[in-house]
Amino acid sequence: MTAKTTYKRVLLKVSGEALMGPREYGLDTATLDAIAADIGDVVRMGAEVCLVIGGGNIFRGISAAATGMDMAQAHYMGMLATVMNALAMQAALEKQHIETRVQSAIPMATVCEPYIRRRAMRHMEKGRVVIFAAGTGNPFFTTDTGAALRAVEMGCNALLKGTQVDGVYAADPRKHPDAERFDELTYHDVLARDLKFMDAAAISLARENGVPVIIFNIRKPGAFAAVMRGEGKFTTIVEPK
């Protein structure tokens, strides 16, 4: 670990919606480039970084299932959307001169590597950013759960979730401006209060393996690097001391 970063190895989870920027659908190139620049700053600080990106900006399996599509089929389509986002982020990172590899839980050797744990760890040791696509490779699991799983498998010191707000609130602060904000919570608090910023399976997996979860605003330039230095506004979910 360098003197500049609080954590040596982290997994950053970014929602697909975060990549839309001002658009209502798809990818916003300026937003993608800004997030890639923030990731590049953290890599240059000496941290090892891997990513999981959602697919909701392209296809949301739960919504499709609600309209009558077979749920498993809808989830597989959502997983494929995450591969598209992963490839887009890879291109943006490579514009920042950051070596990047995409590994998919659904094998598709023409466009990316299959998920192989030891290979992914070796990439990170060499300073490459690894983007994990297609969730866990199974339907009925969210990309939050996939992120928690990969964070544990990679031996990450923390799981950071970049959202559109600067931490965890008792209610959506965009709809409830007076909602209580938390600087720190326990895993039990999150589950007992049924806070919806991350699904319960992901929180439980992080809790069982002692991986802190940090929630911050990915839309704020430089926020990722600030969190890695222990600065700025964010919420930390940890075991009680």
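The values are calculated or read from the model by the stated rules, or taken from the named source; none is laboratory data. The shown structure was predicted, so the numbers you read here are calculated from the model rather than taken from an experiment. Please note: Cβ atoms are built from the backbone with ideal geometry, for glycine as well, and neighbour counts cover all protein chains shown.
Quick notes
- Evaluated against (1) on the phi < 0 side of the Ramachandran plot; (2) assigned to a loop (DSSP other than H, G, I, E, B); (3) touching an Asp or Glu at 6+ places or on another chain (Cβ under 8 Å), GLY210 falls short on exactly one condition, (1).
- If you go through region 165-183 and keep only what is within 20 Å of the chain's Cα centre (by Cα), surrounded by fewer than 14 Cβ atoms within 10 Å (Cβ to Cβ) and either more than 16 Å from THR235 (Cβ to Cβ) or in contact (Cβ under 8 Å) with a residue 40 or more places away in the chain (or both), you end up with just ASP183.
- Candidate set: region 98-132, residues that are touching a Phe, Trp or Tyr at 6+ places or on another chain (Cβ under 7 Å) and in a strand (DSSP E or B); chosen: the one nearest to ASP199 (Cα to Cα): PHE132
- The listed residues are GLU24, GLU17, and the only one of them that is among the acidic types (Asp, Glu) and either crowded, with 18+ Cβ neighbours inside 10 Å or in a helix (DSSP H, G or I) (or both) turns out to be GLU17.
- The set of residues from region 2-22 being farther than 25 Å from PHE141 by Cα and in contact (Cβ under 8 Å) with a residue 24 or more places away in the chain comprises THR2, LYS4, THR5, THR6, TYR7, LYS8.
- GLN90 being modelled with pLDDT under 95, out of contact with any Pro (no Cβ under 9 Å at 6 or more places or on another chain) and among the polar types (S, T, N, Q): no
- Taken together, the criteria place ASN138 among residues that are touching a His at 6+ places or on another chain (Cβ under 9 Å) and modelled with pLDDT of 95 or more.
- Some residue of region 101-112 being out of contact with any helix residue (DSSP H, G or I) (no Cβ under 9 Å at 6 or more places or on another chain) and β-branched (Val, Ile, Thr): yes
- Selection count where residues are among the aromatic types (Phe, Trp, Tyr) and under 22 Å from VAL42 (Cβ atoms), scope region 162-220: 2
- As for region 122-130, it holds at least one residue that is among the acidic types (Asp, Glu), over 18 Å from THR163 (Cα atoms) and over 19 Å from the mean Cα position of the chain (by Cα).
- Each residue in region 158-190 was checked for being modelled with pLDDT of 95 or more and touching a helix residue (DSSP H, G or I) at 6+ places or on another chain (Cβ under 7 Å), and 5 pass.
- Single condition GLY135 does not satisfy, out of (1) within 29 Å of LEU195 (Cβ to Cβ); (2) part of a helix (DSSP H, G or I); (3) in contact (Cβ under 8 Å) with a residue 24 or more places away in the chain: (2)
- When region 34-55 is filtered for residues that are part of a loop (DSSP other than H, G, I, E, B), surrounded by fewer than 21 Cβ atoms within 10 Å (Cβ to Cβ) and among the aliphatic types (A, V, I, L, M), only MET45 remains.
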